[in-house]
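The values are calculated or read from the model by the stated rules, or taken from the named source; none is laboratory data. All values derive from a computational prediction rather than experimental measurement. Don't worry about glycine lacking a Cβ; one is built from the backbone with ideal geometry, like all the others, and counts go over all protein chains shown.
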Amino acid sequence: MKLIIASPSPYARKARIALHEKALPFVEELTVPWNPGTVAPTHNPLGKIPILLIDDGTALYESSVILEYLDTIAGTVPLIPLAGALRVQAKLMEALADGVSDAVVLIALEARRKPDLQSRDWVVRQRAKVDAGLVELDRILGNRDWLVGDTFGLADIAAGSALGYVTLRLPEHDWRTSLPRLAAFSDRLEARPSFAMSRPAPQSIVEIG
Ligand SMILES: N[C@@H](CCC(=O)N[C@@H](CS)C(=O)NCC(=O)O)C(=O)O
């Protein structure tokens, strides 16, 4: 399998972590989906990564779909609860964590627009979503080890990816001080080999109009 990624992407990181956790062999292809010449639209009409090219040539995109697909591969550790309330809760936590990442992406993109096109109100609006999302993740985690049930899984992957992305893009954000329990959770996740092998790194992108 080939996974097309951008090195900072929290969505690509979800897929990278899942592939490592499942010990599935794969190669990574790096692209900058925002820049001209990216391969992303060749495989995904939306032009977004991550894209998983599976061995029959099918291109899967949207990180939640890729994780669903990976969980159908027999003989690998399951990451999504099979049925019932736990499954819904895991998908809800994924939506929450991805929503935090979405707001951080919008803040980061705003900073790349021409200065006279940047909107302070827009950044404040997105920042409020980040803050509320982090508080909710902390509330749901409580004093437990994992976000959903009693094993590591999808919710932890999505949340850990979002937290790593907040740290990368908003280094001035004080969430680690205000939410020490969530920070300890993030540290525990980052110590896993699957997280260590997928640390986000910045890429250089062109200015957006
Ligand atoms: N909901 C999507 C989000 C994917 C996404 O927005 N990826 C960004 C990189 S972090 C991208 O490729 N953006 C390029 C674009 O929107 O043109 C997922 O979970 O896969």
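Details
- A count restricted to region 172-209 and to residues that are assigned to a helix (DSSP H, G or I) and polar (S, T, N, Q) stands at 4.
- The condition of being at pLDDT 95 or above and assigned to a helix (DSSP H, G or I) holds for only one of Gly164, Gly149, that being Gly164.
- Residue check for Leu189: surrounded by fewer than 18 Cβ atoms within 10 Å (Cβ to Cβ) and either within 22 Å of Ile66 (Cα to Cα) or in contact (Cβ under 8 Å) with a residue 60 or more places away in the chain (or both): no
- Residue match in region 52-69 (condition: assigned to a helix (DSSP H, G or I), more than 13 Å from the ligand (Cβ to nearest atom), surrounded by 14 or more Cβ atoms within 10 Å (Cβ to Cβ) and touching a residue at least 40 places away in the same chain (Cβ under 8 Å)): no
For (1) within 12 Å of the ligand (Cβ to nearest atom); (2) loosely packed, with under 15 Cβ neighbours inside 10 Å; (3) assigned to a helix (DSSP H, G or I), each residue gets a yes or a no:
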site	(1), (2), (3)
Leu3	yes, no, no
Pro8	yes, no, no
Arg13	yes, no, yes
Leu19	no, no, yes
Pro25	no, yes, no
Glu29	no, yes, no
Gly37	no, yes, no
Lys48	yes, no, no
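- All conditions in (1) among the polar types (S, T, N, Q); (2) more than 16 Å from the ligand (Cβ to nearest atom); (3) surrounded by 15 or more Cβ atoms within 10 Å (Cβ to Cβ) hold for Ser101, with the sole exception of (2).
- Among the residues of region 70-98, those identified as within 16 Å of the ligand (Cβ to nearest atom) and in a helix (DSSP H, G or I) are Leu70, Ala90, Lys91, Leu92, Met93, Glu94, Ala95, Leu96, Ala97, Asp98.
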